[in-house]
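Structure first, commentary second.
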């Protein structure tokens, strides 16, 4: 299929940040977005928490020991890092910076602490979306259905959820995940609009110049 003129307009990539309390649905939405929109790349975080049985090192996370994590952090290899539920998480710097400059989009499944740091370091590139559960009762039910954590871990996640939700005002967009399909559609609409922002499309300057210089008739 021939390239359309709009496809040839160069743009800078965006950093889509999805945050939510554990169990509210951000990871499912992120996975669905990656499957449907191949222009997105997942930012694979570093973590010091133990690997779950269903997880693959280098795919779901880069699993590191606390000492390995500290060495990378001290070498300024992370765009952001945070301690969550007693474990450390971080976003590697180099893949994100390369992707932005080449017009590729990065997806970040991170918490509010990480989102704060990304906004501080790369404010023009970040598009942040907070995913809310429809109720705290439903959030608890989702955590129970997941059946990957012990009861005390679930209880801790529920206690922390209220603190995490308090940070919703910092986000560009807020989506209530009372229906996964509707929530996913809302996130896709946000992405479409943000990709069309004038300040993300430096190629518009040459495109418009060409329009104005074009001789017709």
In segment 131-182, residue surrounded by the fewest Cβ atoms within 10 Å (Cβ to Cβ) [restricted to those that are in contact with a helix residue (DSSP H, G or I) (Cβ under 6 Å, 6 or more places away or on another chain) and more than 13 Å from residue 22 (Cα to Cα)]: 174
Scope segment 9-29; condition surrounded by fewer than 23 Cβ atoms within 10 Å (Cβ to Cβ), outside any loop (DSSP other than H, G, I, E, B) and in contact with a strand residue (DSSP E or B) (Cβ under 9 Å, 6 or more places away or on another chain); matching residues: 27
Just one of the numbered conditions (1) closer than 21 Å to residue 192 by Cβ; (2) in contact with a strand residue (DSSP E or B) (Cβ under 8 Å, 6 or more places away or on another chain); (3) assigned to a loop (DSSP other than H, G, I, E, B) is not true of residue 106; which one? (3)
Subset of segment 166-217 (residues that are in a helix (DSSP H, G or I), farther than 15 Å from residue 126 by Cα and in contact with a strand residue (DSSP E or B) (Cβ under 7 Å, 6 or more places away or on another chain)): 168, 183, 186
Residue 113 passes all but one of (1) free of Cβ contacts under 8 Å to residues at least 40 places away in the same chain; (2) assigned to a helix (DSSP H, G or I); (3) within 30 Å of residue 203 (Cα to Cα); which number fails? (3)
Checking the structure you have, find out if any residue of segment 113-130 is touching a helix residue (DSSP H, G or I) at 6+ places or on another chain (Cβ under 8 Å) and over 26 Å from residue 189 (Cβ atoms). no
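Looking at segment 132-152, can you tell me whether even one residue there is in contact with a strand residue (DSSP E or B) (Cβ under 7 Å, 6 or more places away or on another chain) and under 24 Å from residue 91 (Cα atoms)?
yes
Return yes when residue 54 is modelled with pLDDT under 90 and not in a loop (DSSP other than H, G, I, E, B) and no when it is not. Working first, answer last.
On the way: modelled with pLDDT under 90: yes; not in a loop (DSSP other than H, G, I, E, B): no.
Answer is no for this residue.
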Residue list for segment 48-91, filter: out of contact with any helix residue (DSSP H, G or I) (no Cβ under 8 Å at 6 or more places or on another chain), under 20 Å from residue 30 (Cβ atoms) and in contact (Cβ under 8 Å) with a residue 12 or more places away in the chain: 49, 51, 52, 54, 58, 59, 60, 61, 62, 63, 87
Residue 97 passes all but one of the listed conditions (1) touching a strand residue (DSSP E or B) at 6+ places or on another chain (Cβ under 6 Å); (2) part of a helix (DSSP H, G or I); the exception is number (1)
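The values are calculated or read from the model by the stated rules, or taken from the named source; none is laboratory data. Source: prediction; values computed, not measured. Virtual Cβ from ideal backbone geometry, glycine too; neighbours counted across all protein chains shown.
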